[in-house]
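Q: Pasting a structure below so you can have a look.
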Amino acid sequence: LLNPGPTGTSPRVEAALRRGDLCHREPECAELMAGILAKLLAALGATETHRAVLLAGSGTAAVEACVGSAVRPGRRLAVVRNGVYGDRIAEIARRLRITTVEIHGPWVRPPDHGQIEAALEDPRVDALAVVHHETTTGLLNPLSEIGAIARAADKPLLVDGVSSLAIEEVDLAAVGADFVACGANKGFHSYPGVSFALLSERACEHVAAGAPRSLYLDLGTYLYHQHRDDVPFTPAIQTLYAFDEALDELTDEGGISARAALYRRRAQVVRAGIASQGLDFLLDKAYWSSSITAVRLPSGLTYADLHDALKSDGFIIYAGQGNLQREIFRVANMGFLPLSELERFNTSLARVLSSALAGVSS
Ligand SMILES: Cc1ncc(COP(=O)(O)O)c(C=O)c1O
């Protein structure tokens, strides 16, 4: 799977799905969840600075829980919109009846700092939201710089880290990330269906001062129950088993710095293969993440034809979104994915392109 989630999982993580049945009101479940939270915070270097809550739901559930909990009644959310997932944050806010102050920018560049500073001058703004890695294009927004702007304005920072945590190294405390949303899939190499929110001390205070906008996605409810070794709703037990195993696997492989290095290596392999075919990258190299490569479709080749030919060799690539739908294709290198598979992908891409483009010229 060379799409940005659901990603491949190792045999070890897959086997954990069969650990057995468990009632969520038994102490073994509280132990399982407490163990996951401890491993997660340790892996992220956030044990001393953040609390975490686990949700049953995909990454969007965690993003929505953070948005709903970060903004107090009558207050506003500043949102950086330079891709589909920034747009989604704004849409979540709209549906929660939260007024937004939006920082629009082109999808191929990080946001303009002056625009962010101007948005945060609005005294009604309660928090600044940004997507760390815009999966739309493979663009990394500069979290440290954006965090510094939020800190200077004394506004909490909400980070959608769904496609960057465990892939890109980030010091959440140094950045000043107060609310962070992520899922067990993608960089954590587990299954979709479990997501989580990380909360700084300030975020916990915000949650306590807010008024819940949702029954299921209220972070305050999760914190309250967690404090009592309890859960408010039925957790995704088997998916939690897999996440627990995936966190052990992450530690055994050397933690996040080793995983980040692995992703950089993978991205190099993919990008070398793409460059060797003379294809153009969508983004300036300075903005590249280490997990997604967005490539301009060569003229004469549709995404559907490229997708189908690669699929017949066993590879699933990903289409562009929004305005980029007809212009690009994306190759992700996320999840359990041996390097040899990426090398085989490069060979397949070369074969597909040479036969497709030979067809165009004949
Ligand atoms: C940056 C980002 N945010 C949010 C999401 C939404 O996650 P999910 O599809 O798990 O709800 C994705 C999914 O690809 C993403 O890449």
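Q: Under 6 Å between Cβ atoms, which residue pairs at least 6 apart in sequence (or on different chains) link something in segment 30-45 that is within 11 Å of Asp229 (Cβ to Cβ) with a partner that is open to solvent by 50 Å² or more (accessible area, probe 1.4 Å)?
A: Ala30/Asp229
Table: residues versus (1) in contact with an Asp or Glu (Cβ under 9 Å, 6 or more places away or on another chain); (2) among the charged types (D, E, K, R); (3) within 12 Å of the ligand (Cβ to nearest atom).
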site: Val53; (1), (2), (3): no, no, no
site: Gly59; (1), (2), (3): yes, no, yes
site: Ala62; (1), (2), (3): yes, no, yes
site: Gly68; (1), (2), (3): yes, no, no
site: Asp87; (1), (2), (3): no, yes, yes
site: Arg97; (1), (2), (3): no, yes, no
site: Pro106; (1), (2), (3): no, no, no
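Q: Have a look at Glu64, Glu91 and point out the one that is touching a helix residue (DSSP H, G or I) at 6+ places or on another chain (Cβ under 7 Å) and either open to solvent by 50 Å² or more (accessible area, probe 1.4 Å) or part of a loop (DSSP other than H, G, I, E, B) (or both).
A: Result of the check over Glu64, Glu91: Glu64.
Q: In addition: Could you run through segment 22-56 and say how many residues are in a loop (DSSP other than H, G, I, E, B), within 18 Å of Ala242 (Cβ to Cβ) and either among the aliphatic types (A, V, I, L, M) or open to solvent by less than 20 Å² (accessible area, probe 1.4 Å) (or both)?
A: Number of matching residues: 1.
Q: Would you mind stating whether Arg72 is open to solvent by 40 Å² or more (accessible area, probe 1.4 Å), assigned to a loop (DSSP other than H, G, I, E, B) and modelled with pLDDT under 95?
A: yes
Q: Could you say which residue among Ala153, Ala148 is under 23 Å from Ser69 (Cβ atoms) and out of contact with any Pro (no Cβ under 6 Å at 6 or more places or on another chain)?
A: None of the others qualify; the one that does is Ala153.
Q: What about Gly278, is it farther than 24 Å from Leu37 by Cβ and surrounded by fewer than 13 Cβ atoms within 10 Å (Cβ to Cβ)?
A: Yes.
Q: Please go through (1) open to solvent by 20 Å² or more (accessible area, probe 1.4 Å); (2) under 30 Å from Ile237 (Cα atoms) for Ala152 and return the number of the only condition it doesn't satisfy.
A: With respect to (1) open to solvent by 20 Å² or more (accessible area, probe 1.4 Å); (2) under 30 Å from Ile237 (Cα atoms), Ala152 is out only on (2).
Q: Could you please give the count of residues in segment 127-183 that are over 21 Å from Val84 (Cβ atoms), in contact (Cβ under 8 Å) with a residue 60 or more places away in the chain and part of a helix (DSSP H, G or I)?
A: Adding up the residues that qualify gives 2.
Q: Within 13 Å of the ligand (Cβ to nearest atom), farther than 17 Å from Ile292 by Cβ and open to solvent by 40 Å² or more (accessible area, probe 1.4 Å), is that true of Arg81?
A: Judged against the criteria, Arg81 is a match.
Q: Tell me the residue from Ser200, Ser195 that is within 15 Å of the ligand (Cβ to nearest atom) and open to solvent by less than 40 Å² (accessible area, probe 1.4 Å), please.
A: Ser195
The values are calculated or read from the model by the stated rules, or taken from the named source; none is laboratory data. Predicted, not measured: the structure shown is a model, and the values here were computed from it. In this analysis, Cβ positions are derived from the backbone assuming ideal geometry, glycine residues included, and neighbour counts consider all displayed protein chains. Ligands, DNA and RNA are stripped out before the accessible areas are found, and what is left, the full protein with its side chains, is counted by its heavy atoms. Shrake-Rupley method; radii C 1.70, N 1.55, O 1.52, S 1.80 Å.
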